[in-house]
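Engineer: Dropping a structure here in structure tokens format, bear with me for questions.
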Amino acid sequence: MVYLGSFLIVYGVFVLWAAYAKPAWVWNTGKVQGFVRLLKETGTVILFVVFGLAALIGGAAILLNL
């Protein structure tokens, strides 16, 4: 469970970074461009932030309940 919690925290930080920094190698992938077409850029950033925060909170909850 320690590995899962740690992975979720690292993943959450990466997703939040990708939402704010918008690196081209992430934003130009097919899946992200699909979200941009569907939700527009602002909606995609909001979706990234929600998933990033959920991963951070989930990882912290797993690590704190050990």
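What follows draws every value from the coordinates through simple rules; no lab data is involved. Since we're looking at a predicted model, the values are computed, not measured. Note: ideal-geometry Cβ built from the backbone for every residue, glycine included; neighbour counts use all protein chains shown.
Engineer: Do you know which residues across the range 43-52 are farther than 13 Å from Tyr20 by Cβ and not aliphatic (A, V, I, L, M)?
Structural biologist: Gly43, Phe51
Engineer: Scan the helices (runs of 4 or more DSSP H) fully inside the chain and keep the ones with 2 or more residues being exposed (fewer than 15 other Cβ atoms within 10 Å of the Cβ) and of a type in the set (Phe, Trp, Tyr).
Structural biologist: Once the helices (runs of 4 or more DSSP H) in the chain are filtered for at least 2 residues that are exposed (fewer than 15 other Cβ atoms within 10 Å of the Cβ) and of a type in the set (Phe, Trp, Tyr), what remains is 2-21.
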